[in-house]
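Data block below; observations after.
The values are calculated or read from the model by the stated rules, or taken from the named source; none is laboratory data. Keep in mind it's a predicted model, so treat the numbers as computed, not measured. Here the Cβ positions follow ideal geometry from the backbone for every residue, glycine too, while neighbour counts run over all protein chains shown.
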Amino acid sequence: MGGTDFILKQLLASLHLAELKSLFPFGEIRVKSGPIGIVSAAVFAALLAPSMAIAQAPQKAPAVINPPPTAQDWADIAKLPDWSGVWNPKITDQDAQVKTNPPPWNEEAAKKIQHMFAEEKAGRPTLIFANCLPEAHPSWMLVTHNAMEILFTPGRVTMLGESDGNRLRRIYTDGRGHPEHSDPTFHGHSIGHWEGDTLVIDTTDIVPQAPLAVSEAAGLPNNGDMHVIERIHLADKDILHDELEIIAPHILTKPWKTTRIFFRQRARKFDIVEGVCAAGDLVERVNAEGDNVFVPVQKSEWGHTTAVPAK
């Protein structure tokens, strides 16, 4: 028996029949002795080696999926605190905290904020959110003047803001962590867990352009590496507290801790309605072709309307 024949037969003997059939389903496998057999065996071994490598290579882990919720998952939702209804922010408290609990701005950031306040007082507000980009996190929670709803589903808490779709937060409560590779967004990546009746949220991966705002006319881009931790809970039957700890190392000297207050409204007149960011910049008109259209009004650089298109 040739040396190659012997090696090949030893290799074949180490394989299970099922493996051979899966690799060579077209018929029997025969190994002959002699010079031709040696060549055939060598060719066969060369062909077999890649297949064996594939068969023996570690298989990739299956893709992570979101499994369908079970009856127990829905039953667990019923055990969570009742956050139904529409929640309106306590705007007076937002305004008060500008003076009573301002962010610990670093020296450069503080100068910029003071300039913004001065410009606003002079009738030249900065209009941080006038470009129709999302208000972003955490500014949405800090300075919003609009209502929100909070929805519970298995593995997720969803916050819907009264706006044009730019106010949407998904807080994953299914045990996942933050993604290994950062993909920043305006509202960041949020994961949460329950500690009793308190929802603890950890948010990272916020775009550096997202402002840290204290009013609609005063705020600065976070410039990267912002990290927000929240503890949301009912302070009373119809009062919701969002306790925030904001870490923004490029504009703050230390983490800023602040609380925002929301009141529950159950009357239908408070139901969230569609909002359009640019609604105040447009008027309804009929064009030359008889179509109903929106036409932009003329505004100053500080947001004051200077001219309205004729009807």
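For this structure, a couple of remarks:
- Options Pro255, Pro208: the member that is modelled with pLDDT of 95 or more, on the phi < 0 side of the Ramachandran plot and within 21 Å of the chain's Cα centre (by Cα): Pro208
- The residue pairs whose first member lies in the range 74-92 and is assigned to a helix (DSSP H, G or I), whose second member is surrounded by fewer than 15 Cβ atoms within 10 Å (Cβ to Cβ), and whose beta carbons are closer than 8 Å, counting only pairs six or more residues apart or on different chains, are Ile77/Thr153; Ile91/His145.
- Of the residues making up the range 189-205, just one is of a type in the set (Val, Ile, Thr) and over 17 Å from the mean Cα position of the chain (by Cα), namely Thr198.
- Qualifying positions in the range 71-97 - at pLDDT below 95 and among the hydroxyl-bearing types (Ser, Thr, Tyr): Thr92
- The number of residues in the range 98-115 that are at pLDDT 95 or above and not in a loop (DSSP other than H, G, I, E, B) comes to 10.
- Each residue in the range 215-247 was checked for being under 20 Å from Lys99 (Cβ atoms), of a type in the set (A, V, I, L, M, F, W, C) and modelled with pLDDT of 95 or more, and 3 of them qualify.
- Elements of type strands (runs of 3 or more DSSP E) in the range 220-311, at least 1 residues being closer than 30 Å to Asn106 by Cα and assigned by TED's automatic domain parsing to the domain that holds Thr126: 227-236, 239-247, 256-265
- Top-ranked residue of the range 126-172 - restricted to ones that are surrounded by 19 or more Cβ atoms within 10 Å (Cβ to Cβ), in a loop (DSSP other than H, G, I, E, B) and under 15 Å from the mean Cα position of the chain (by Cα), ranked as modelled with the lowest pLDDT: Arg167
- Checked against (1) buried (at least 22 other Cβ atoms within 10 Å of the Cβ); (2) more than 30 Å from Ala118 (Cβ to Cβ), His181 meets all criteria but (1).
Per-residue answers, yes or no, for (1) aliphatic (A, V, I, L, M); (2) surrounded by fewer than 20 Cβ atoms within 10 Å (Cβ to Cβ); (3) in contact with a Lys or Arg (Cβ under 6 Å, 6 or more places away or on another chain):
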{"residue": "Val228", "(1), (2), (3)": "yes, no, no"}
{"residue": "Arg231", "(1), (2), (3)": "no, yes, no"}
{"residue": "Lys237", "(1), (2), (3)": "no, yes, no"}
{"residue": "Asp242", "(1), (2), (3)": "no, no, yes"}
{"residue": "Ile246", "(1), (2), (3)": "yes, no, no"}
{"residue": "Ile261", "(1), (2), (3)": "yes, yes, yes"}
{"residue": "Arg268", "(1), (2), (3)": "no, yes, no"}
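- Count - residues of the range 191-218 that are out of contact with any Leu (no Cβ under 8 Å at 6 or more places or on another chain), of a type in the set (Gly, Ala, Ser) and touching a residue at least 40 places away in the same chain (Cβ under 8 Å): 3
- The condition of being surrounded by 14 or more Cβ atoms within 10 Å (Cβ to Cβ), among the basic types (Lys, Arg) and closer than 24 Å to Thr253 by Cβ holds for only one of Lys99, Lys112, that being Lys112.
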